[in-house]
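The structure under discussion appears below in the form of structure tokens.
The values are calculated or read from the model by the stated rules, or taken from the named source; none is laboratory data. What you see is a predicted model; the values in this text were computed from it and never measured. Cβ sites come from the backbone with ideal geometry, for glycine too, and all protein chains shown count toward neighbours. All accessible areas refer to the heavy atoms of the entire protein, side chains included, with ligands and DNA or RNA removed. Shrake-Rupley method; radii C 1.70, N 1.55, O 1.52, S 1.80 Å.
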Amino acid sequence: MRKRAQNHTRRGFTLVELMVTVAVVAILAAVAVPGMQSFLAKSGMNAVRDDFAITLQRARLDAINRNTCVSICQLRAGTSNTCATGAALGNWHQGWIVYLNDACAAPAATAVPAASLISVRQPGNERFRLTGSATTAAVTFNSRGLLRSGSDTFQVTDANDANSPHGREIAVSFQGRVSVQPITASRGGTSTSVAGGGQ
């Protein structure tokens with residue numbers, strides 16, 4: 001009996017081993033956290049950029065396929081199907097609405113009829129901004145896929161880092177072509193056409 005009790009020695013960590021483990025974890029965290037923050041910021045901005053660029057392309061294709069005007073307007077804050085107007089314009093990160101616009105008219109301050117709704121994008125993370133001109137009420141494509149109204153350049157920025165290298169500009173040409181380029185290269189820089197954009 002005594003021999004068995006003596007063979008069962010207690011096992012565990014010494015204080016030195018525990019301190020070394022904590023130090024290694026702290027070093028790894030110090031190296032990994034800044035890289036992770038940069039990755040999350042880039043991913044968030046890319047998601048907003050891709051969502052909006054793809055929405056523009058789909059709206060153009062819908063206009064061609066349905067042989068009518070299709071518009072994208074900024075979602076009015078606190079609503080689920082009403083376009084923003086007036087002083088609220090310019091903050092597209094608050095969401096947007098894609099809808100059939102048979103009259104090819106400017107958006108009204110009333111709710112878009114359910115029969116005309118194509119899609120609604122609700123507000124995302126307030127950190128990642130999508131801004132446009134305060135005079136652009138809607139981007140409208142006609143039945144030939146040409147831009148009827150709303151010629152504008154939209155910017156994707158990080159509210160927590162004004163100098164983020166991941167900022168992008170999204171431009172729509174009168175031919176309906178969507179292009180994305182870095183904000184720093186917006187004047188004379190090389191633009192990247194988004195796949196599926198108009199020719």
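Below are the figures for this structure:
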{"item": "Equivalent ellipsoid dimensions for region 74-156 as semi-axes, Å, which come from the Cα gyration tensor, largest first", "result": "19, 16, 11"}
{"item": "In order through region 86-101: 3J(HN,Hα) via Karplus (6.51 cos²θ - 1.76 cosθ + 1.60), integer Hz, x for Gly, Pro", "result": "x, 5, 7, 5, x, 9, 6, 5, 7, x, 8, 10, 10, 8, 6, 10"}
{"item": "Heavy-atom accessible surface of region 83-168: percent carbon and sulfur, 1.4 Å", "result": "48 percent"}
{"item": "C-alpha long axis of helix 15-66 to longest principal axis of the chain, angle in °", "result": "20 degrees"}
{"item": "Pair S133, D50: separation of 7 Å Cα→Cβ label points (nm)", "result": "3.0 nm"}
{"item": "Protection-proxy order for peptides 139-151, 21-33, each taking the mean of Cβ atoms within 10 Å per residue, highest first", "result": "139-151, 21-33"}
{"item": "Positive-pole candidate from A41, S173, F128, dipole of the chain, charges at beta carbon", "result": "A41"}
{"item": "Rounded if a/c under 1.5, otherwise prolate or oblate - the chain, Cα gyration tensor axes", "result": "prolate"}
{"item": "Cα-centre dipole for region 50-197 with unit charges at Cβ (Lys and Arg positive, Asp and Glu negative), debye to 20", "result": "300 debye"}
{"item": "Relative contact order of region 79-122, defined on C-alpha pairs under 8 angstrom at six or more residues apart (%)", "result": "54 percent"}
{"item": "Solution diffusion estimate, µm²/s, Stokes-Einstein, region 66-117, Kirkwood Rh from C-alpha pairs, 20 °C, viscosity 1.002 mPa s", "result": "192 µm²/s"}
{"item": "Convex hull volume of region 25-113 per residue (C-alpha atoms, cubic angstrom)", "result": "128 Å³"}
{"item": "Value at 222 nm in deg cm²/dmol, rounded to 500, when DSSP H runs of n ≥ 4 in the chain each add -39,500 (n - 2.57)", "result": "-10500 deg cm²/dmol"}
{"item": "Relative contact order (percent, whole number), region 1-139, Cα cutoff 8 Å, 6+ residue spacing", "result": "22 percent"}
